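Read the structure below first, then the notes.
The values are calculated or read from the model by the stated rules, or taken from the named source; none is laboratory data. Computed from a predicted structure; not experimentally measured. A quick note on method: Cβ atoms are made from the backbone with ideal geometry, for glycine too, and the neighbour counts reach across all protein chains shown.
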Amino acid sequence: MTGSITHPSLTGMDPFNPATPPDSPLTMQDVLASPLYRNLSTAKLSVGDSAFPFTLPLLDLSAGMPRATGKTISLESFRGVKPVALIFGSYT
């Protein structure tokens, strides 16, 4: 069936009320009440602010698998050239 959750460990999970993993020392309520979490989830930039500078390794993806090139690329190199979208996600 399209769109169904088939992995046994995900069966019955509610994405809007995630269960705490059995091996976690904290509950979801503990995490959400934490000042550290609140700080991490608070925006530090406003629309129009410059992003924080950073440099990442440049990867070669031509063979279908990431391979280090030994070069780096910085966000600064795109300033005024083209828009950049930074997308962060969790796949755990």
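Identify the residue in the range 55-87 that is in a loop (DSSP other than H, G, I, E, B) and surrounded by 10 or more Cβ atoms within 10 Å (Cβ to Cβ) and, among all such residues, is modelled with the lowest pLDDT. Filtering the range 55-87 for residues that are in a loop (DSSP other than H, G, I, E, B) and surrounded by 10 or more Cβ atoms within 10 Å (Cβ to Cβ), the one modelled with the lowest pLDDT comes out as V84. Within the range 26-53, the set of residues being part of a loop (DSSP other than H, G, I, E, B) and exposed (fewer than 10 other Cβ atoms within 10 Å of the Cβ) comprises S41, T42, A43, K44, L45, S46, V47, G48, D49, S50, F52, P53.
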